[in-house]
Every structure is written in C-alpha cells, then in structure tokens.
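The values are calculated or read from the model by the stated rules, or taken from the named source; none is laboratory data. None of the values given here were measured: they were computed from a predicted structure. Glycine gets a Cβ as well: all are built from the backbone with ideal geometry, and neighbour counts include every protein chain shown. SASA here: full protein model, heavy atoms, side chains in, ligands and nucleic acids out. Shrake-Rupley method; radii C 1.70, N 1.55, O 1.52, S 1.80 Å.
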Amino acid sequence: MTSMRLLAIIAILVQGLVIGDSQELPSFDPEQAVAKVLEVAEGKVGPDVKKFNVVDFGAKPDGATTSTINFIRAFKEACNHNGRAMLVIPEGNFVVGSMLLSGPCTFQPPLMVQFAGNLLPQDSTVAAENADWITFMNFNGLFISGKGIINGQGEKKAWNSVCDGCRRQSASLKLIKLNDVLISGITSVNAKGFHMMISVCNNFVITNVNISAPDESPNTDGIHMSKTNKVRISDSVIGTGDDCVSMIHGTTNVTIENVKCGPGHGFSIGSLGHYEDEFDVFGITVRNCSLSHTENGARIKTYRNESPSKASGIIFQDLIMENVKNPILIDQEYATIKGSVDSKVLISDVEFSNIRGTTISKIAIVLACSPTFPCQGITLKDIHLEYSGPPDHNEDTPFSSNCTNVKVNYIGEQMPPPCA
C-alpha cells in the first residue's frame with residue numbers, strides 16, 4: 001500500500017492541475033490527488049491544458065519511420081507554451097533516436113507527459129553511438145505517467161560491445177537538472193545501459209514502474225542516481241543485470257520502499273571514492289523490500305582510492321532475501337587494482353535491521369571496512385538468514401560472518417552468528 005507520505009508528495013507535485021470539471025485539485029487531499037493522477041495518465045485534464053500530440057507534429061506510430069525531430073518539435077512547443085501543457089505520446093510504436101528535451105521553458109509547471117506508446121531505438125548504424133537516448137533537462141516540474149514502454153533493445157548489439165575502460169552504454173531515460181518530478185506507471189525493458197539515470201535533481205517521486213532486463217545484461221542499472229536530493233521510489237518491480245537501484249556521490253535523503261528486486265545486484269550505495277572531490281552521501285533508507293536470486297542484497301561499496309568522502313545515516317530495514325549471494329555487504333576493497341591505496345571513504349551510522357530469508361553463501365555477512373578509515377556506528381539488529389546453497393563438500397565450514405576494521409553493535413537475534 002502506498003504510504004500516506006508518498007501520497008502527500010504526489011499531491012504537492014500535481015497541485016494546481018485542472019482536472020475534469022476544471023476544479024483545482026486541493027493539495028491537502030492526497031487520496032484524491034492519486035485518483036486524479038490516474039486520470040491525468042488517461043489524458044482527462046481540464047480545457048485549459050493544451051495538448052501537444054507528437055502525431056500532430058508528424059510522428060509516425062508505425063514502428064518503422066524515424067520520428068525523432070517530430071518528438072523534439074512537439075516538446076519545444078509544449079516547453080514554450082505560456083500556460084498548462086501536456087505532451088501526448090499516444091498508443092503505437094514510435095522509432096526515435098537520441099533526443100535532448102531541454103529547457104528553460106515557459107509552461108506553467110508541471111509539464112505533463114501522457115505516455116501510452118512504445119518507444120523503439122533508431123537503428124544504431126545511423127544513430128549517434130553511445131549518446132543517451134531520451135534526456136529531459138533543465139526545467140522545473142515534470143510529470144510522466146501512463147502505460148508506455150521504453151524498449152532499449154540492448155540485446156541486439158549494445159550488450160555485446162561492453163568492455164573494460166569503454167564509455168558506458170546509453171541510458172534509456174536520463175533526467176538532469178530537474179526539480180519536482182513524478183514518474184508513474186511506465187515500463188523500461190532491455191536498456192542498452194542504465195534504465196533511468198538521475199543527476200543534479202531535487203524532489204523526485206518514482207512509483208509503480210516496471211524495469212526489466214536479463215540478469216546477464218551488463219551495466220543495466222535499474223535506477224542510477226548522483227548529486228540528487230529528496231527521492232522516493234516505491235511500489236515497483238526491478239529486475240536487471242546490475243544494481244536494481246544504485247546511489248553514488250552526492251545522493252541524499254532517499255527512501256526506497258515496497259520494491260521487488262531481482263535478478264540484479266541488489267540495492268547499492270556506491271561505488272564511492274571513484275572521482276575527485278566527491279560529495280557525501282547521507283540519509284538513505286531502504287525498507288519493506290524483497291530481493292530474489294540477486295548477487296547482493298544491501299550493499300555499500302567504495303573504491304580503494306585517494307578520494308575522500310563520507311557515507312552516513314543509512315538504514316536497511318525489513319528486507320526479505322531469497323537465495324541472495326551476499327545479503328549484507330560493506331565492501332571497501334571494491335575494484336582493487338595494483339598500486340591502489342586504502343579507501344578514504346568514511347562509512348558511519350549504518351543500521352541493518354530485521355533482514356530475513358535465505359542465502360547461497362556460507363559467509364552471509366561481510367563487513368570489509370577500510371584500515372585507514374574504519375567503519376563507525378554499524379548496527380545489526382534482528383538478522384535471521386539461513387543457508388540455501390548447494391551441499392558443502394566440507395561440512396565443517398560454518399555458516400558465519402566476516403568483519404574487518406569495524407566494531408559492530410549487535411541487537412536481538414543474529415543468524416549467522418556475530419563476528420568473533
């Protein structure tokens with residue numbers, strides 16, 4: 001069930017929309033707000049909302065004709081409208097190449113995007129290599145809602161060309177320098193790279209989205225964010241080939257709840273300490289989520305690098321694990337290479353609470369902290385994990401935890417047993 005706090009945020013984001021009978025939607029009634037949000041997804045808006053349908057600008061829903069310029073023209077008209085505006089992507093299959101949909105804009109926020117169609121990528125032989133696919137940038141107020149599908153078709157070429165040291169593959173949906181954003185109901189499948197990439201944003205709500213790619217698809221993070229504040233992700237299903245949600249430097253005040261993750265690499269904070277002058281990470285809560293057949297569960301990872309920063313105020317709470325390889329993991333030795341130094345990222349005030357389920361590893365909990373900056377204020381509370389992996393040829397191998405450079409505060413049940 002969507003929390004009242006999330007409903008309140010949604011109500012604020014859609015405040016001022018004129019719905020149906022032209023009555024202004026009251027921001028103090030979150031239940032009514034969500035109901036009206038669903039109407040917006042169906043295009044049931046008031047007469048003072050001007051609609052900009054991409055088909056009216058020449059886009060062809062035939063799954064063959066490239067419609068990139070038509071989408072851009074429709075967005076520009078909506079962006080420059082002096083009033084309430086809705087960009088309409090109707091049912092049909094639209095082929096589009098890389099698009100930068102950027103402000104500044106003059107519309108009365110938010111820009112509504114009624115998204116009902118399927119987006120397919122332009123043939124990579126004529127598209128810009130590795131350019132991010134659909135980018136919204138540099139304006140305030142964006143609401144994307146509907147049952148539309150963004151199909152990156154990464155299986156056709158992109159996943160086979162991933163290599164160490166190469167530029168990352170293109171993100172399907174990139175959101176940068178935006179404030180007050182709501183994304184609801186959409187589906188992203190088989191992204192070339194990240195499904196959603198969020199950077200330098202503030203006040204973000206993502207709810208009821210479905211993200212999927214095979215577990216062998218490389219670097220296909222579900223939702224990847226950096227330098228972004230106030231994010232809530234809820235009531236969604238994410239299964240992909242990398243992190244379900246990844247939060248790197250400058251990510252603050254994030255709540256993730258009621259999300260099903262798997263396959264994938266779990267919920268990850270990091271990698272941190274990768275770049276110079278990184279911003280700190282704090283205020284991260286992941287709760288009431290489930291993970292199934294993932295590489296990791298609740299993970300914090302940092303490079304062995306000279307770059308100093310901090311990660312603090314982190315809570316992983318009420319998580320259910322099913323056959324997860326590394327259910328609880330702090331890894332400050334990530335991507336160790338010859339000549340690397342101890343990680344200079346200080347991890348503090350982290351709580352793993354009420355985490356239950358099964359793991360395929362005999363060492364279910366690994367807290368490998370930096371010798372130079374040992375972890376501080378790490379709490380494990382009410383942990384109950386059971387081994388579900390293959391029979392161990394050495395039955396003397398205990399089901400255990402492994403801790404280095406950290407003093408752990410244990411509360412309540414502990415299975416596997418605490419570190420010595």
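When the stretch 69-102 is filtered for residues that are open to solvent by less than 10 Å² (accessible area, probe 1.4 Å), farther than 20 Å from Ala171 by Cα and part of a helix (DSSP H, G or I), the ones remaining, listed by number, are Ala74, Ala78, Cys79. Please specify each residue of the stretch 172-203 satisfying the condition of being among the aliphatic types (A, V, I, L, M) and more than 21 Å from Asn253 (Cα to Cα). If the condition is that a residue be among the aliphatic types (A, V, I, L, M) and more than 21 Å from Asn253 (Cα to Cα), then Leu173, Ile186, Val189, Ala191 are the ones that fit. Taking the criterion of being under 22 Å from Gly103 (Cα atoms), of a type in the set (S, T, N, Q) and open to solvent by 20 Å² or more (accessible area, probe 1.4 Å), the residues of the stretch 178-223 that qualify are Asn179, Asn202, Asn203.
Kindly check whether there is at least one residue in the stretch 384-392 that is in a strand (DSSP E or B), in contact with a Pro (Cβ under 6 Å, 6 or more places away or on another chain), open to solvent by less than 70 Å² (accessible area, probe 1.4 Å) and not polar (S, T, N, Q). Among the residues of the stretch 384-392, at least one is in a strand (DSSP E or B), in contact with a Pro (Cβ under 6 Å, 6 or more places away or on another chain), open to solvent by less than 70 Å² (accessible area, probe 1.4 Å) and not polar (S, T, N, Q), which makes the answer yes.
A single entry from Ser226, Ser161 fulfils the requirement of being surrounded by fewer than 24 Cβ atoms within 10 Å (Cβ to Cβ) and touching a strand residue (DSSP E or B) at 6+ places or on another chain (Cβ under 9 Å): Ser226. The set of residues in the stretch 393-420 being of a type in the set (Gly, Ala, Ser) and not in a loop (DSSP other than H, G, I, E, B) consists of Ser400, Ser401, Gly412. Residue count for the stretch 305-354 under the criterion of being of a type in the set (Val, Ile, Thr) and more than 22 Å from the chain's Cα centre (by Cα): the result is 4. Taking residues in the stretch 52-78 that are over 9 Å from Phe94 (Cα atoms), and partners anywhere that are among the charged types (D, E, K, R), the pairs with Cβ atoms closer than 6 Å and at least 6 places apart or on different chains are Phe52/Glu77; Phe57/Arg73.
The set of residues in the stretch 308-364 that are among the small types (Gly, Ala, Ser), open to solvent by less than 40 Å² (accessible area, probe 1.4 Å) and either free of Cβ contacts under 8 Å to residues at least 24 places away in the same chain or within 16 Å of Met415 (Cα to Cα) (or both) comprises Ser353, Gly357, Ser361, Ala364. Annotation: Asp243 fulfils all but one of (1) farther than 29 Å from Gly103 by Cα; (2) in a loop (DSSP other than H, G, I, E, B); (3) touching a Lys or Arg at 6+ places or on another chain (Cβ under 9 Å); (4) open to solvent by 10 Å² or more (accessible area, probe 1.4 Å); the unmet one is (4).
Filtering the stretch 58-69 for residues that are at pLDDT 95 or above, charged (D, E, K, R) and in contact with a helix residue (DSSP H, G or I) (Cβ under 6 Å, 6 or more places away or on another chain) leaves an empty set. Only a single item in (1) modelled with pLDDT under 95; (2) farther than 17 Å from Phe194 by Cβ is not met by Glu129, and it is number (2). Scanning for something closer than 23 Å to Val366 by Cα, basic (Lys, Arg) and either surrounded by 24 or more Cβ atoms within 10 Å (Cβ to Cβ) or touching a Pro at 6+ places or on another chain (Cβ under 6 Å) (or both), does the stretch 295-304 turn up at least one residue? So far as the stretch 295-304 goes, yes, one or more of its residues are closer than 23 Å to Val366 by Cα, basic (Lys, Arg) and either surrounded by 24 or more Cβ atoms within 10 Å (Cβ to Cβ) or touching a Pro at 6+ places or on another chain (Cβ under 6 Å) (or both).
The strands (runs of 3 or more DSSP E) found wholly in the stretch 109-221 and carrying at least 3 residues that are more than 24 Å from Lys44 (Cα to Cα) occupy 134-145, 173-184, 196-199.
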